[in-house]
Amino acid sequence: MFLWCQKKIKNNFLTIFRSPLMRATLALIFVFLIGVIFNAHGAFFRWDTHRDMFRHISVFAILACGMTIVIITAGIDLSVGSVLGFSAVLFSLLTIQRGLNPILALFLVFLAGLGCGLISGALVARFKIQPFIATLAMMVFARGLAKWISGGKKISTAILDSSGVYRYVEPPQIFNLLNSKIFNGNLAVVTIIFLFCALISSLILGKLRLGRYFYAVGGNEEAARLSGVPVAQTKLIAYGLSGLFSAVAGICQAAQEMQGDPEAGLTYELTAIAIVVIGGTSLAGGRGSLGLTIVGALTIGYLEKILSLNAIGEASRLMLTGAIIIGAVLFQRARK
Amino acid sequence: MLEMQGITKSFSGVQVLHEVDFDLKEGEIHALAGENGAGKTTLIKILCGVHSDYQGKIKFKGETVHFRSPQEAAKKGIVAIHQELSLVNSLSVIDNIFLGREIRRRPGFIDYRAESQKASAILKNFGLEINLNETTGIYPYSIRQMIEVAKALAQEAKVIIMDEPTSALNQAEVDHLFSLMVNLKKKGCSLIYISHRLEEIFQISDRITVLRDGRKIGTEITSKLAPETLIRWMVGREITQQFPPYFRCLGQEKLRVDHLFIPDPTGLKRWIIEDVSFSLHQGEILGFAGLQGSGKSELFHGLFGSFGREIKGEIYLDGQPFSVRSPGQSIKKGIVLLTNDRQRTGLIPSIDVIKNITIASLRKYSPRGWIDPQAERQTAQKYVNKLQIKLQSLDQEVQTLSGGNQQKIILARWLGTEPQVLLLDEPTLGIDVGAKYDIYCLMNEWKAQGLAIALITSELPELLAVADRFLVLHRGRIVAEFSHEEATQEKILQAAMGGREETKIFY
C-alpha cells in the first residue's frame with residue numbers, strides 16, 4: 001500500500017515534471033532561491049531590486065518575443081540586435097534632431113524594423129538562404145545602416161551647432177514618457193511595453209491561424225506544405241514580426257539611454273536567443289511557447305541581478321552565466 | 001562458401017522469417033526474389049550484421065559466425081550495398097573509398113599515394129575513369145554506385161550484397177553494372193542480387209532463391225527455372241488477409257488527365273511521367289500499379305501540386321479545365337494526397353493530435369484568423385470517432401501512436417477538408433492487418449459516397465481486391481489497363497516489368 005502510494009505520487013510528480021513549462025519554472029525557482037540565500041544584506045528583498053531587474057531585462061525580452069516566433073518556425077534571427085540599434089538611432093534622429101511628431105516617428109521606425117525583418121524573411125522564404133546566413137547578413141547590414149544615418153556618432157540631446165558649439169535641447173516628451181515609472185514608481189513603462197509585446201505574440205502563437213502555421217512549418221515543413229500551409233508567407237511574416245519587435249525594443253532602448261547610439265544592441269541577439277533557449281523552446285523548431293520565453297527572461301534577468309548584487313566581478317559573472325546556460329539546457333533535455 | 005541455416009527472426013512478436021535456409025557458392029551471382037514484405041531485406045540485414053538477434057546458424061568459409069554489426073561483417077568480407085548509398089557526397093572519391101580504413105604511414109597522416117594506387121587499380125578494372133580527387137556528389141547515381149562497389153572491394157569484400165541496385169539506373173547503366181558484376185564473379189567474388197525486375201534476374205543470375213511471407217519457397221538454377229514458375233512462386237500465396245466485399249457504384253467522370261508530362265523532381269533532365277492520360281470517376285477506385293521508379297508516386301504528387309506548375313498537360317475537374325498550382329490550391333478544389341511516407345511528409349510531430357488533424361482545414365475553424373478551439377476540437381473528435389482512432393487524449397503527441405492510428409490521423413486530416421478526389425499513395429504501408437482492414441472498409445465507404453479515389457499500393461492482392469480498374473505504369477508510361485474482372489497478379493506483374501521499349505526522352 002505504501003509502495004503503491006509512493007509510486008503514484010512519483011508518477012504524478014513525473015508528469016508535472018515533464019511539462020516544459022514546469023521545468024523552466026523549476027530552473028527559475030532555483031535561481032530565485034539562490035537570490036534569497038545570497039540576498040546581499042537584504043537587497044534582494046526590496047521591490048526596487050526586482051523593478052530594476054524587470055526594467056533591465058525588458059528590452060531583451062521584447063527581442064526574445066520575436067525570436068521565439070522565428071525559432072518556432074525552425075529559424076533563427078541574428079539581426080535583432082542590429083535592427084534595435086538602427087531603430088534607436090532612427091528614432092532619436094527623427095524626434096530629437098528633426099523634431100518630428102512622435103506618433104509619426106514611432107510609425108516610421110516600426111515600418112523600418114518591419115522592413116528589415118521582411119527582407120531577412122524574403123531571403124529565407126523566397127531565396128531559400130539558410131536563416132543563419134540571411135540574418136547574419138542583415139545583422140551586418142543594419143549595423144551599417146545605423147552608422148550611416150547617424151554619421152557614426154551618438155544622436156543625443158547635445159546638438160552640434162553650425163558655429164561649432166554644442167547646444168542642449170530638451171529631450172522630447174516621448175523619451176520621458178517611455179523612461180518613466182508608473183504605480184508610484186513601482187513599475188517601469190518599458191516593462192509594460194514588454195508585457196504588451198508578450199501578450200500580442202502569445203495571442204498570435206496560441207490563438208491565431210498564423211500561429212498554428214508557425215508551429216506546423218517548424219515541426220515538419222514538407223508536411224505543412226503538402227497540407228496547404230503557405231510556407232513562404234508564414235516564414236516571411238515570422239521574420240517581419242521579429243523585425244517589428246526589434247524596432248519596439250530599439251525605441252525603448254533609445255528612451256532609456258536618452259540617445260540613439262549606433263552601437264546599441266551589440267550582442268543582444270545572443271541574449272535574446274539565450275532567453276528563448278533557457279525557457280525550453282527547442283532550436284529544432286515546432287515546439288515552445290511565449291510563456292517559456294517569459295520564464296527564460298526572468299531566469300536570465302534574476303541571474304544577472306543576483307550576480308551583480310553580490311558584487312561578483314564581470315569576468316566571473318560572464319563565466320557563470322555561460323555555465324548556467326549550459327546547465328539549464330541540459331536540465332531541459334533530461335526529460336527525453 | 002556461405003551457408004545460412006534455419007534463420008528465424010521476429011519483430012515485436014511478428015515472425016518475419018521462418019526457418020530460412022540460404023547458401024552461396026564462390027563466384028556465383030545468386031538472386032533473391034520475392035514480393036514486398038517477403039523477408040528479403042530482413043534476411044540480408046541479418047547476414048550483414050544489422051540485425052544480430054536471430055535464431056539459426058550462419059557459416060562462412062566453414063566457420064560459424066554471428067555478426068553484431070555491419071563493421072564486423074565487413075571485416076570478414078561481407079558488404080551490402082543498399083539503394084541509399086552510404087557515401088559522403090561532400091568528400092572526394094578517394095576519401096570515400098577508404099573512409100574509416102584509411103591507409104596510414106604515420107598515425108594521423110593519410111598515405112594518399114598508396115591509396116590512389118590501390119583505388120586506380122580497382123577502378124581500372126571497372127573501366128571507370130574518374131578523377132579520384134573530385135567531390136563525390138558531382139557524379140550521377142550510377143557512378144556513385146560504382147564508387148560504392150569500389151569501396152567494398154577496397155575492403156577486400158568476398159560477398160557483395162546488392163539490394164535493388166538497378167531501380168534508379170537507365171538501360172545503359174544497367175548493362176554497365178552487369179558487366180561489372182560478371183567481372184567480379186570471374187575474380188571469385190560472390191554476389192547476392194535483390195531485384196523486382198524479373199528480366200534482369202534471368203539475365204544476370206546463376207541461381208535464384210524465392211522467399212514468400214518469410215519462408216523459403218525454393219532455390220533453382222536460373223536456366224532451369226521458367227519465368228512463369230518464378231512468378232507463381234513469388235505471388236502464389238493463399239490470401240490470408242480479409243478484404244471487404246467488392247461492389248460497383250461507378251458515377252460520373254470526375255477527373256480527366258490528358259497527355260500529362262511531369263519532369264523528374266530530383267533534377268535529372270527527363271520526364272518521370274510521360275504522356276499519361278486517364279480518367280477517374282466518382283465512386284471509383286482506380287488502382288495504379290508499377291515498380292519502384294515507375295513514376296506512380298510522382299504522378300500523384302504532380303496532380304496534387306507538390307511540384308507547382310512544373311507539370312505539362314491538361315487536367316479537367318468536373319469537365320472544367322484545372323491548372324495545378326500548389327497543394328493549397330488543389331485542396332481548395334477538393335483534391336487531396338496521402339503521401340507514402342507519413343513520417344517525412346505527413347505527420348507534424350511537434351503538435352498534438354487535434355492540430356495534426358485540422359492543419360489542412362484550419363481556415364474553416366478560423367474564418368477571421370482566430371481559431372475557434374471548440375469547433376476545432378469537435379471536428380477532430382468527430383473524425384477520431386468516425387475512423388475509430390485509438391488514443392488516450394486528443395492532446396496527445398502523434399509520435400506516441402501506432403502506425404495504423406497515425407495513418408488514420410492523416411486520413412482524418414484529409415477528410416476534414418471535405419475532398420472529392422482522394423489520391424492515396426500506399427495508405428496501408430507499415431500498418432498492422434487490423435488497421436489495414438479498417439482502411440479498406442473506409443475506402444469502400446468513401447467510394448459509396450461518390451468520392452473518386454486513386455490508389456497506389458505495392459501489395460498486389462490488396463490492390464486486386466479493392467480497385468475497380470487498374471492502370472499499370474512502366475518507366476513513366478501507362479503500359480496496360482485491366483478491369484476488376486480481368487486483372488490477375490500475374491498479368492499486372494508482367495505488364496509492370498514488361499514494356500520492352502526503354503526509350504528515355506530527354507528534353
(message) Looking at chain A as a GNM with Cα springs under 10 Å, which of A:MET258, A:MET138, A:MET319 has the largest mean-square fluctuation?
(response) A:MET319
(request) Could you list the residues of the stretch B:153-167 with an amide nitrogen less than 13 Å from a label point located 7 Å from the Cα of B:LYS61 in the Cα-to-C-beta direction? (result) B:156-159
(request) Would you mind getting the accessible area per residue of the stretch A:161-250, heavy atoms of the protein chains only, 1.4 Å probe, in Å²? (result) 44
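Ignoring ligands, DNA and RNA, what accessible area per residue does chain B give at 1.4 Å, in Å²? Mind showing how you got there, number by number?
On the way: 22070 Å² over 507 residues.
Ligands and nucleic acids excluded, the result is 44 Å² per residue.
Where a ≥ b ≥ c are the square roots of the eigenvalues of the C-alpha gyration tensor, would you call the stretch B:171-266 rounded, which needs a/c under 1.5, or, failing that, prolate if a/b is larger than b/c, or oblate?
Details: a/c = 3.29, a/b = 1.44, b/c = 2.28.
Note, shape of the stretch B:171-266 comes out oblate.
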(request) Pull out a ≥ b ≥ c, the square roots of the eigenvalues of the alpha-carbon gyration tensor of chain A, then state rounded if a/c is under 1.5, prolate if not and a/b is larger than b/c, and oblate in the remaining case. (result) oblate
(message) Just to confirm the number: angle between the C-alpha axis of helix B:403-415 and the first principal axis of chain B, 0 to 90 degrees, nearest 10?
(response) 40
(request) Multiply the residue gap between B:ASP341 and B:LYS386 by 0.36 nm, knock off their C-alpha separation, and tell me the result in nm, one decimal place. (result) 13.9 nm
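Let's see if you can work this out: charge +1 on each Lys and Arg Cβ, -1 on each Asp and Glu Cβ, no other charges. What is the dipole magnitude of the stretch B:357-452 about its Cα centre, in debye to the nearest 20? All intermediate terms of the calculation are to be shown ahead of the outcome.
Values: 11 positive and 10 negative charges, 57 e Å.
So the magnitude is around 280 debye.
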(request) Hey, can you grab everything whose amide H is under 5 Å from the amide H of B:ILE217? Only 5+ residues off in sequence or another chain; H modelled, so Pro and N-termini drop out. (result) B:VAL210, B:LEU211, B:ARG212
(request) Search the structure for amide H atoms under 5 Å from the amide H of B:ARG469, placed 1.01 Å from N in the peptide plane, and list their residues when 5 or more places away or on another chain. (result) B:ILE285, B:GLY287
(message) Take B:SER10 and A:PHE30, extend 7 Å from each Cα along the Cα→Cβ direction, and tell me the distance between the two endpoints in nm.
(response) 4.4
(message) Could you tell me which residue out of B:TRP446, A:TYR268, B:LEU255 lies farthest along the dipole of the protein assembly as shown toward its positive end? Charges go on the beta carbon: Lys and Arg +1, Asp and Glu -1, centred on the Cα centre.
(response) A:TYR268
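In this model, which of B:LYS25/B:LYS57; B:LYS312/B:LYS364; B:LYS75/B:LYS224; B:LYS40/B:LYS296 are farther than 26 Å apart at the alpha-carbon?
Working: B:LYS25/B:LYS57 17 Å; B:LYS312/B:LYS364 32 Å; B:LYS75/B:LYS224 35 Å; B:LYS40/B:LYS296 23 Å.
Going by Cα-Cα distance, B:LYS312/B:LYS364; B:LYS75/B:LYS224 fall outside the 26 Å limit.
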(request) Compute the distance in nm between two label points, each set 7 Å from the Cα along the Cα-to-Cβ direction, one at B:GLU418 and one at B:GLU28. (result) 6.4
(message) Using each residue's phi in the stretch A:241-252, evaluate 6.51 cos²θ - 1.76 cosθ + 1.60 at θ = phi - 60° and report the 3J(HN,Hα) Karplus result to the nearest Hz, with x for Gly and Pro.
(response) 4, 4, x, 4, 5, 4, 5, 4, 4, x, 5, 4
(request) For A:VAL229, list long-range residues whose amide hydrogen, built 1.01 Å from N in the peptide plane, is under 5 Å from its own amide hydrogen. (result) none
(message) What is the angle, in °, between the Cα long axis of helix B:171-186 and the longest principal axis of the Cα atoms in chain B? Nearest 10 is fine, range 0 to 90.
(response) 30
(request) Rank B:PRO265, B:VAL384, A:GLY42 by how far each Cα sits towards the positive end of the charge dipole of the protein assembly as shown (+1 on Lys, Arg Cβ; -1 on Asp, Glu Cβ) and give me just the farthest. (result) A:GLY42
(request) Choose one of B:ALA74, B:SER86, B:GLY137: the residue whose Cα lies farthest towards the positive end of the charge dipole of the stretch B:63-173 (beta-carbon charges +1 Lys, Arg; -1 Asp, Glu; about the Cα centre). (result) B:ALA74
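Assuming R0 = 56 Å, can you tell me the calculated FRET efficiency for the pair B:ASP175 and B:ARG106, based on Cβ-Cβ distance, to the nearest 0.05? Let's see the in-between values first.
On the way: r = 44 Å, r/R0 = 0.78.
Working from the Cβ atoms, E equals 0.80.
For the stretch A:49-333, with all protein chains present and a 1.4 Å probe, just round the carbon and sulfur fraction of the accessible area to a whole percent.
Numbers: 7630 of 11550 Å².
That fraction is 66 percent.
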(message) Between A:TYR166 and A:PHE38, how high is the FRET efficiency from 1/(1 + (r/R0)^6) when r is the Cβ-Cβ distance and R₀ = 35 Å? Nearest 0.05.
(response) 0.20
(request) First compute the accessible area of chain B with a 1.4 Å probe, then give the percent of it belonging to carbon and sulfur atoms. (result) 49
(request) Would you mind working out the magnitude of the charge dipole of the protein assembly as shown relative to its Cα centre, with +1 at each Lys and Arg C-beta and -1 at each Asp and Glu C-beta, to the nearest 20 Debye? (result) 2060
(request) Output the residues of the stretch A:225-262 meeting this criterion: accessible area (heavy atoms, 1.4 Å probe) in the chain alone minus accessible area with all protein chains in place is 40 Å² or greater. (result) A:ARG225, A:LEU226, A:SER227
(message) From the phi angles alone, apply the Karplus equation (6.51, -1.76, 1.60; θ = phi - 60°) to the stretch B:306-323 and give each ³J(HN,Hα) in whole Hz, x where the residue is Gly or Pro.
(response) 4, 9, x, 8, 4, 7, 10, x, 10, 10, 10, 10, 6, x, 8, x, 10, 9
(message) Give me the one-decimal nm value for the distance between modelled label points at A:ILE133 and B:ARG68, 7 Å along each residue's Cα-to-Cβ direction.
(response) 4.3
(request) Rounded to whole Hz and in sequence order, give me ³J(HN,Hα) for the stretch A:174-180 from the Karplus expression 6.51 cos²θ - 1.76 cosθ + 1.60, θ = phi - 60°, writing x for Gly and Pro. (result) 4, 5, 4, 4, 5, 9, 8
(message) Using only Cα atoms and rounding to the nearest 10 degrees, what angle (0 to 90) does helix B:141-154 make with the longest principal axis of chain B?
(response) 40
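How big is the B-A contact in terms of buried accessible area, both chains counted, 1.4 Å probe, rounded to the nearest 100 Å²? Don't skip to the answer; put the middle values down first.
On the way: alone 23030 and 16790 Å², together 37750 Å².
So the buried area, both faces added, is about 2100 Å².
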(message) Give the lysines reachable from B:LYS124 as a straight Cα distance under 18 Å; neighbours fewer than 8 places away on the same chain don't count.
(response) B:LYS151, B:LYS185, B:LYS186, B:LYS187
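Tell me, in nm to one decimal, what length is gained between B:GLN252 and B:ARG368 on full extension, where the rule is 0.36 nm per residue of separation less the Cα-Cα distance? Could you put the intermediate results ahead of the total?
Values: separation 116, 0.36 × 116 = 41.76 nm, distance 3.59 nm.
Stretched fully, the B:GLN252-B:ARG368 segment lengthens by 38.2 nm.
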(request) Set the Förster radius R0 to 56 Å, insert the Cβ-Cβ distance between B:ASN133 and A:ASN176 as r into 1/(1 + (r/R0)^6), and round the FRET efficiency to 0.05. (result) 0.25
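The values are calculated or read from the model by the stated rules, or taken from the named source; none is laboratory data. This structure is a prediction, so every number in the text was calculated from the model and none was measured. With ideal geometry, Cβ positions are generated from the backbone for all residues, glycine too; neighbour counts draw on all protein chains shown. We work out accessible area using only protein heavy atoms, side chains counted, and drop any ligands, DNA or RNA first. Shrake-Rupley method; radii C 1.70, N 1.55, O 1.52, S 1.80 Å.
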